[in-house]
1. Taking every alpha carbon pair in the stretch 82-160, what does the distance histogram look like in 10 angstrom bins from 0, in percent?
2. Taking K and R as +1 and D and E as -1, what net charge do the other residues with C-beta under 12 Å from the C-beta of ALA75 add up to?
3. When the expected Rg is taken as 2.2 N^0.38 Å, what fraction or multiple of it is the alpha-carbon Rg of the stretch 55-128?
4. List, in order, the whole-Hz ³J(HN,Hα) value for each residue of the stretch 64-78 obtained from phi through the Karplus relation with A = 6.51, B = -1.76, C = 1.60 and θ = phi - 60°; use x for Gly and Pro.
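Every number in this text was worked out from the coordinates using simple rules, so none of it is lab data. This structure is a prediction, so every number in the text was calculated from the model and none was measured. Positions of Cβ are backbone-derived with ideal geometry, glycine not excepted, and every protein chain shown enters the neighbour counts.
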Amino acid sequence: MWNRKEEERNQAQRNQPSAPAAPQQQKAPEPPRPVASATPPPVAPQYSAPAPSSSSPGGAAIIGASVAIRGDITASEDLVINGHVEGTIQLDEHRLSVGPRGKVKAQIAAREVMIQGNVEGDIEARDKITIKNDGSLVGDIRVAGIVIEDGAYFKGSIDIIRPAVEAAPAQQKKQQPPQPQAQPQHEKVHA
């Protein structure tokens, strides 16, 4: 009953003489178009990785964000920590960098230390310690030079050490007793 009008239309179309059909050309199917994603791709955290130094031609060793180490670390190359480390870190002539996700609870000895994450423990650095604006250090430090950026957190004491080259001549001057001045000797000249 409801479809009666539709059936009549279909029958009327069948009864009409049809026009000759034009040859149809087949088109190649279009390739699917890429759909733009509303979510941007994830962005990796940015931090300043150390530049390879001349003392470590292979670059730096990296402790990843998912790595946790408990114990002593001794290295003959620069070290970047993005994970968790507890214990002692001995890098004598090399640089330690603690990335923004790094968490370190250790006694540290290195040539240079750069902190962007969290460090708890005492540090002795021969050249410099840098605490970046998002870094945190709780502990005592002995160092020749220090940089604490605005926004960084530091709690502890600072002991500035003098390089051995400058200190040695000053100590020698203090230890040497004054030498008596020699009397000028006069020669007799015969004319």
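1. Computed distribution, short to long bins: 22, 63, 15.
2. Values: positive: ARG95, ARG111; negative: ASP72, GLU77, ASP78, ASP92, GLU93.
Charge balance near ALA75 sits at -3.
3. Numbers: Rg = 10.8 Å, N = 74, 2.2 N^0.38 = 11.3 Å.
Rounded to two decimals, the normalised Rg is 0.96.
4. In residue order, the calculated couplings are x, 4, 8, 9, 10, 10, 10, x, 9, 10, 10, 9, 10, 7, 5 Hz.
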